[in-house]
Amino acid sequence: MQNIVKKVEELGYELPAVAKPLAAYVPATRVGDVIFVSGQLPSVKGDFSAYTGIVPTALSQEKATEGAAICLLNNIAAAASLLQEGETLKLVQLQGFVQSDPSFKEQPAVLNGASELAVKILGENGKHARTAVGVAALPKNAGVEVSCTFQVIKA
């Protein structure tokens, strides 16, 4: 886990505190060596305001891509909270949702913000399967939401 925190900091980010759920669910749950993380929004210390609105009309594609990276950091924080000594994470699948104008077709490019950061942080363990979907609305009017599935491996 220390390697993840160190790499996050080297990249100029900070691993956030685990985001509080918005409803009746937990941020992450572990079954054996698999961690399922609930959808994470681009929240920085509980503030969503910089990453809200429909992409690209109210929120630029560039800001949405930045928001996807923040969503990934929130996913890593939630998953890491369930790790034990000597364990680390391998990203298996990333599911991304972009609140999109009906004419917007660049959801995969937005989600690259999360996918590329995953590889920078986790190296080979950051390569993953992915879904990128455009949706009409997201909680809190977020422009992007990301949910991840991780495998727990020995560090």
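The values are calculated or read from the model by the stated rules, or taken from the named source; none is laboratory data. Please read these numbers as outputs of a predicted model, since none were measured by experiment. Using ideal geometry, Cβ is built from the backbone for each residue, glycine included, and neighbour counts are taken over all protein chains shown. We work out accessible area using only protein heavy atoms, side chains counted, and drop any ligands, DNA or RNA first. Shrake-Rupley method; radii C 1.70, N 1.55, O 1.52, S 1.80 Å.
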Any chance you could check the Cα centroid distance between the stretch 90-129 and the stretch 1-34 for me, in angstrom?
16 Å
Listed by chain and number, the aspartates and glutamates with an alpha carbon less than 19 angstrom from that of Lys63, same-chain partners under 8 positions apart left out, are Glu14, Asp47, Asp101, Glu106, Glu116, Glu145
Percent carbon-and-sulfur accessible area, the stretch 33-155, ignoring ligands, DNA and RNA, probe 1.4 Å
53 percent
Within the stretch 31-89, report the GluC sites (Glu not before Pro) that DSSP leaves as loop and that have at most 15 other Cβ atoms within 10 Å.
Glu85
In debye to the nearest 20, the charge dipole size for the chain, taken about the Cα centre with +1 at each Lys and Arg Cβ and -1 at each Asp and Glu Cβ, equals 220 debye
Each label sits 7 Å from Cα toward the beta-carbon; between Ala50 and Glu116 the label points are separated, in nm, by 1.7 nm
To the nearest 500 deg cm²/dmol, what mean residue ellipticity at 222 nm is calculated for the chain from DSSP H runs of n ≥ 4 alone, each contributing -39,500 (n - 2.57), summed and divided by the residues?
-9500 deg cm²/dmol
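Would you mind working out the accessible area per residue for the chain, using a 1.4 Å probe, and quoting it in Å²?
Working: 7690 Å² over 155 residues.
For the chain, the per-residue accessible area is 50 Å².
What is the sum of charges, Lys and Arg at +1 and Asp and Glu at -1, for the other residues whose Cβ falls under 14 Å from the Cβ of Ala68?
Details: positive: Lys63, Lys120, Arg130; negative: Glu62, Glu66, Glu106, Glu116, Glu145.
Result for the neighbourhood of Ala68: -2.
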Go through Gly67, Gln107, Leu82 and say which Cα lies farthest out towards the positive end of the charge dipole of the chain; charges sit on Cβ, +1 for Lys and Arg, -1 for Asp and Glu.
Leu82
With loop defined by DSSP as not H, G, I, E or B, and exposure as at most 10 other Cβ atoms within 10 Å, which is the longest segment of the chain clear of exposed trypsin sites (Lys or Arg not before Pro)?
46-104
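Within a Cβ distance under 15 Å of Glu145, other residues only, what is the Lys/Arg minus Asp/Glu net charge?
Values: positive: Lys63, Arg130, Lys140; negative: Glu66.
The answer is +2.
Express the relative contact order of the chain as a whole percentage, based on alpha carbon pairs under 8 Å and six or more residues apart in sequence. Walk me through the numbers before you get to the answer.
Numbers: 328 pairs, mean separation 51.7, N = 155.
It comes to 33 percent, rounded to a whole number.
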